[in-house]
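Contents: one structure, followed by commentary.
The values are calculated or read from the model by the stated rules, or taken from the named source; none is laboratory data. Because the structure is a prediction, the values reported are computed rather than measured. When we count neighbours, we look across all protein chains shown, and the Cβ atoms used for this are built from the backbone with ideal geometry, even at glycine.
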Amino acid sequence: MPGAPNSPPKMDAAPPPVAIAPERRIFRRLAASKVALNLDLWKGAPSPELIAPYARAETAFAAGDFVNAEQALDHLSVRFAEPRWPTMPVPFRDLRVAIPAPMPPQWDPDFAVDPAEKERRKVLRSAELQLALIKATPAVAAKRGLPADDLATHVTEAEAEFASNGPSEPFWAHVDAIWTGVRERFPTPGAPKAVPVPATPPATDATA
């Protein structure tokens, strides 16, 4: 219409959140579970019922079998949820699978949310848990006498990035750097400790 005010310019829609790739999700769960199985809670000897699904997950992940790796991690999470481990500390207890009571789907707060927003919330919840897990990890490493200074540095940088930009690519890069360090230096749960080989005594001259 003549004389009508100009319509406001259209704002570009926010890009949809990038879903977490299965291999990255499994990598992070494996590393966090490795830390959890190195907690003092187990007194150095986690239950074989915990070691078995963890070992299956590692084997499947190494073979690129992400479906079975995730299933094994889900099994481990169910084991973590057993009432036998009431003293499992936060945030590692959040690796457990929550089994909610049956309810109508309409009661789910995400039920009516559009798919992009639902994915954004999912990524955000995952990032918040990962942040809590990496913040607790350097102390576990230090207690076991493992190098932890670089882990603490990445935690500080990940925390600052998350506060400024949320679960951005630089945030995940710091998270994955921590989990890479964990997988390289934390002992494998349930693996037998290396027995030091005694030094061979010097040979003696039998004719002396």
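Listing for the model above:
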item: Single condition T180 does not satisfy, out of (1) closer than 22 Å to M88 by Cα; (2) surrounded by fewer than 17 Cβ atoms within 10 Å (Cβ to Cβ); (3) at pLDDT 95 or above; result: (1)
item: Flag if L146 is crowded, with 20+ Cβ neighbours inside 10 Å, free of Cβ contacts under 8 Å to residues at least 60 places away in the same chain and not hydroxyl-bearing (S, T, Y); result: no
item: Search result, residues across the stretch 55-66 that are out of contact with any Gly (no Cβ under 8 Å at 6 or more places or on another chain) and outside any loop (DSSP other than H, G, I, E, B); result: R56, A57, E58, T59, A60, F61, A62, F66
item: Boolean, E159 is surrounded by fewer than 16 Cβ atoms within 10 Å (Cβ to Cβ) and either at pLDDT below 95 or not small (G, A, S) (or both); result: yes
item: Lone qualifier among A139, A199 - being modelled with pLDDT under 95, out of contact with any helix residue (DSSP H, G or I) (no Cβ under 8 Å at 6 or more places or on another chain) and either of a type in the set (A, V, I, L, M) or surrounded by fewer than 15 Cβ atoms within 10 Å (Cβ to Cβ) (or both); result: A199
item: Criterion (out of contact with any Ser or Thr (no Cβ under 7 Å at 6 or more places or on another chain), part of a loop (DSSP other than H, G, I, E, B) and closer than 30 Å to E117 by Cβ) met by exactly one of A45, A69, A31, A19; result: A19
item: Of all residues making up the stretch 16-71, the number that are modelled with pLDDT under 95, within 14 Å of the chain's Cα centre (by Cα) and among the small types (G, A, S); result: 1
item: Test result for A141, among the hydrophobic types (A, V, I, L, M, F, W, C) and within 17 Å of the chain's Cα centre (by Cα); result: yes
item: Candidates L146, L95, L124, L151 - the one that is at pLDDT 85 or above and closer than 16 Å to R29 by Cβ; result: L95
item: Residue within the stretch 77-85 that is at pLDDT below 80, assigned to a loop (DSSP other than H, G, I, E, B) and of a type outside the set (F, W, Y) present; result: no
item: Scan of the stretch 17-41 for residues that are closer than 13 Å to V140 by Cα and either surrounded by fewer than 17 Cβ atoms within 10 Å (Cβ to Cβ) or not small (G, A, S) (or both), ordered by number; result: K34, V35, L37, N38, L39, D40, L41
